[in-house]
Amino acid sequence: MIGADSPLLDARSISKRFAAFQALDDVSLNVQAGEVHGLLGANGAGKSTLIGVLSGALPPDSGSLTVAGLPVALGSLTASRRAGLMVVHQELMLFPDRSVEENIYASVLPKAPFAWISARRRRRQVDEVLQRLSARVDLRARVGDLPLSHQQLVEIGRALCAGGRVLILDEPTSSLSQPEAAGLFEAIRAIVANDAAVIFVSHRLDEVLALTDRITVLRDGRLVGSWHTRDTDISFITHAMVGQLAEEKPRPSRRSEERTALAFSGPLPGFAKIDFSLSPGEVVGLAGLEGSGVSRALEAFGGIIQTSARIVVDGRQVTFKNPLQAIARGVVYMPPDRKLDGLWLDNSVANNIAAAVVARMQPFKLLSRLRLERIAVERLQQVGVRGSALRNAVASLSGGNQQRVLLGRCLEARPQVLLLSDFTRGVDVSAKAAIHGLIRSLADKGLAICVTSSDLEELLGIADRIVCMRNGMIVADRASIEFDKRSLLEVVSREAA
């Protein structure tokens, strides 16, 4: 039994070096029972390394850890799990073809061979976990058929079923809409109400302010400080993380009646007919909740899915049977899941970018490694990634830099129209500001850009024009300066008449 004022988790003087790089330098963190604690920092600040140390995945060079007053052996996954320290990663690790019940109970399967599992006991345990989360999820449902917000709850439920008392949630809302995130927040509050604690890692600072009790900020592997959330605001936190960033202001619409870079008229697969156009030099934000048709629309524009709609690119009617045909016409789609659909994680940064060059080469043409690397370096400079990362595996980069590499490859495809789906998912405020600046500079040079984001505030900050969708239909098309966050949310979430 720990004292009322004793922290549930107490990590002290954690240091970790990788070769010449000091990832963590004397970092301490304490979290109270019943608390949601925000762990913040720009990409490369040391958050992932600290999470790795706390979970037992990484042995530190020095430091100590106690949970509920008891020492925990550092560098041991088993010791951390036994202490109730669980990590729910941004990329969910579920069995999509199995049921909710089977996924949640997978964390406590008996290790002894031929052990008997009581179906009644299993269902009771899983049901208790879901009740603790206040989650209404069908235990028999196939996980792959669930919306992402429910899959997130299943992953958290698995951690709780395994005895999780300190849960580390790494970017849990990166792919959720704001209403879905609100449902997750209710589950998080239900967790900490039972003398547990949650360490909440997010780049969405408005969520951090709304949900957390305290925050801790890291920068360059060092502890900047810890504060009660009520004593901070976005400006304070941003300055602590990366220094003051310029405020983003929406621009008036650049829609042109004379030139159209992309026009789409016809049905979306599974939805009704829409009419959409995009002008050169314009940034258009597609806004909508999950199931609204926003993602489907962007995929149809980019040839990811086939459609019978009329598509016109730069004055010429075209038909896209696949993404390669779209790219050949100058329409390039960047997928939202960089790890699953966008990048070869085990391959080098140079090869990932050079793939765009190879795709447009003539058959039987010899490849020059030096030429490909020179092209890759130029793109890395453009998107703000150090050239020293050229031959590193993409998996070794931070999430923000991975996203920039993917954007670099899309740009190397030489697009006239760039389609960016949830384009800053899991990216910190510093990297996000840099990507926004790049997008605006590309638009200033005449590139037509269409973006989607689960963060409506981001759309307001980056887009010239906002196109709102509900139930596969366009319900509003206005300059972004005509919206604020509240009015935009009302439009996309209002029930269709």
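Taken over the stretch 385-406, the criterion of being surrounded by fewer than 18 Cβ atoms within 10 Å (Cβ to Cβ) and modelled with pLDDT of 80 or more is satisfied by Arg391, Asn392, Ala393, Ala395, Ser396. Residue by residue through the stretch 193-221, note down the ones that are in contact (Cβ under 8 Å) with a residue 60 or more places away in the chain, in a helix (DSSP H, G or I) and crowded, with 19+ Cβ neighbours inside 10 Å. Leu205, Val208, Leu211, listed by residue number. Can you confirm whether the stretch 275-284 contains a residue that is loosely packed, with under 15 Cβ neighbours inside 10 Å, under 19 Å from Met473 (Cβ atoms) and at pLDDT 90 or above? Yes - at least one qualifying residue is present in the stretch 275-284. Selection of the stretch 131-169 for residues being assigned to a strand (DSSP E or B) and among the hydrophobic types (A, V, I, L, M, F, W, C) yields Val166, Leu167, Ile168, Leu169. Of all residues in the stretch 441-458, those satisfying the criterion of being touching a Gly at 6+ places or on another chain (Cβ under 8 Å) and among the hydroxyl-bearing types (Ser, Thr, Tyr) are Thr452, Ser453.
When the criteria are applied in full, Gly266 fails the requirement of being over 21 Å from Ile462 (Cβ atoms) and in a loop (DSSP other than H, G, I, E, B).
Would you say Asp195 is on the phi > 0 side of the Ramachandran plot and over 18 Å from the mean Cα position of the chain (by Cα)? So that I can check it myself, show each step before the final result.
Working: on the phi > 0 side of the Ramachandran plot: yes; over 18 Å from the mean Cα position of the chain (by Cα): yes.
Yes, satisfied.
Within the stretch 313-356, the residues that satisfy the criterion of being farther than 26 Å from Arg374 by Cβ, assigned to a loop (DSSP other than H, G, I, E, B) and of a type outside the set (A, V, I, L, M, F, W, C) are Asp314, Gly315, Thr319, Lys321, Asn322, Arg329, Pro335, Pro336, Asp337.
Considering each of Glu248, Glu257, Glu207 in turn, give the residue that is at pLDDT 85 or above and acidic (Asp, Glu). Step through it out loud before you land on a result.
Working: Glu248 fails: at pLDDT 85 or above; Glu257 fails: at pLDDT 85 or above.
The conditions single out Glu207.
The residues of the stretch 93-106 that are surrounded by fewer than 17 Cβ atoms within 10 Å (Cβ to Cβ) and under 15 Å from Ile156 (Cβ atoms), listed by number, are Met93, Ala106. Looking only at the stretch 59-102, count every residue that is without any contact (Cβ under 8 Å) to a residue 40 or more places away in the chain and either at positive phi or touching a Phe, Trp or Tyr at 6+ places or on another chain (Cβ under 9 Å) (or both) and tell me the total. Counting residues in the stretch 59-102 that are without any contact (Cβ under 8 Å) to a residue 40 or more places away in the chain and either at positive phi or touching a Phe, Trp or Tyr at 6+ places or on another chain (Cβ under 9 Å) (or both) gives 2.
So that you can scan it fast, the table gives a plain yes or no per residue for (1) assigned by TED's automatic domain parsing to the domain that holds Leu92; (2) modelled with pLDDT of 80 or more; (3) under 29 Å from the mean Cα position of the chain (by Cα); (4) not basic (Lys, Arg):
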residue: Val313; (1), (2), (3), (4): no, yes, no, yes
residue: Ile327; (1), (2), (3), (4): no, yes, yes, yes
residue: Asp341; (1), (2), (3), (4): no, no, yes, yes
residue: Ala354; (1), (2), (3), (4): no, no, yes, yes
residue: Met361; (1), (2), (3), (4): no, no, no, yes
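Checked against the criterion of being surrounded by fewer than 24 Cβ atoms within 10 Å (Cβ to Cβ) and aliphatic (A, V, I, L, M), the candidates Ile474, Ile449 yield just one match: Ile474.
With respect to Gly446, is the statement that it is in contact (Cβ under 8 Å) with a residue 24 or more places away in the chain and on the phi > 0 side of the Ramachandran plot true?
Numbers: in contact (Cβ under 8 Å) with a residue 24 or more places away in the chain: yes; on the phi > 0 side of the Ramachandran plot: yes.
When the stated conditions are applied, Gly446 passes them.
Screening Asp346 on (1) surrounded by 14 or more Cβ atoms within 10 Å (Cβ to Cβ); (2) under 14 Å from Leu397 (Cα atoms); (3) not basic (Lys, Arg) shows it passes everything except condition (1).
The values are calculated or read from the model by the stated rules, or taken from the named source; none is laboratory data. Computed from a predicted structure; not experimentally measured. Ideal geometry is used to build each Cβ from the backbone, glycine not excepted, and the neighbour counts take in all protein chains shown.
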